[in-house]
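The structure appears right after this line, and notes come after that.
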Amino acid sequence: MEIERKYLVRALPAHLDSYPYHTIEQAYLCTEPVIRIRRQDDSYYLTYKSKGMLSREEYNLPLTKEAFDHLLPKADGTIITKRRYVIPLENGLSAELDLFDGSFQGMVLVEVEFPDEAASRAFTPPSWFAEEVTYRKEYHNSYLSSLKRS
């Protein structure tokens with residue numbers, strides 16, 4: 001089960017370059033249900049996500065580079081590329097700050113995953129977070145992939 005809240009960003013955290021990051025490329029084979037392929041650094045995954053906004057089922061299966069490369073041209077829509085910084089927060093949580101590249105250059109979103117819904121309700125975002133967009137489909141990557149961007 002994936003339980004996450006998503007936010008716009010008021011300002012990038014200080015010393016952003018001191019945090020670890022991942023380079024991500026992902027594409028969608030289907031958006032209802034969500035079936036995604038992802039390259040994260042040198043690892044490859046096929047992911048299934050059920051319907052939902054705050055919480056939903058999520059299953060990740062490993063892929064080989066060859067399988068990823070074979071499936072990528074079969075994806076629908078725009079391929080999403082981004083750099084994801086992992087920033088520690090209080091209570092053992094982490095902010096996953098996405099700086100989008102390519103077609104969505106300049107877009108910045110941050111997500112926080114929670115162990116349960118009670119923890120998600122108790123969360124107080126840090127001051128560098130802006131408006132919450134968890135329930136707005138236009139900020140979900142699967143929706144973004146359906147947009148035609150140059």
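Read the figures in this text as sums done on the coordinates, not as results from a lab. Every value quoted in this text rests on a predicted model; they were computed, and no experiment measured them. Backbone-built Cβ (ideal geometry, glycine too); neighbour counts: all protein chains shown.
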- Item | Per-peptide average of other Cβ atoms within 10 Å, ordering 24-31, 39-46 highest first | 24-31, 39-46
- Item | Semi-axes of the equivalent ellipsoid for region 79-150, Cα gyration tensor, largest first, Å | 25, 14, 10
- Find the relative contact order for the chain and round it to a whole percent, using C-alpha pairs within less than 8 Å whose residues are 6+ positions apart. 31 percent
- Note on the structure: Taking 0.36 nm per residue of separation between Leu71 and Leu93 and subtracting their Cα-Cα distance, the length gained on full extension comes to 4.6 nm
- Task: Would you compute, for the Cα atoms of the chain, the largest minus smallest coordinate along each principal axis and list the three values in descending order, in whole Å?
- Result: 41, 31, 27
- Sorting Pro13, Pro73, Ser94 by the position of each Cα along the dipole of region 1-116 (Lys, Arg +1; Asp, Glu -1; all at Cβ), the one nearest the positive end of that ordering is Pro73
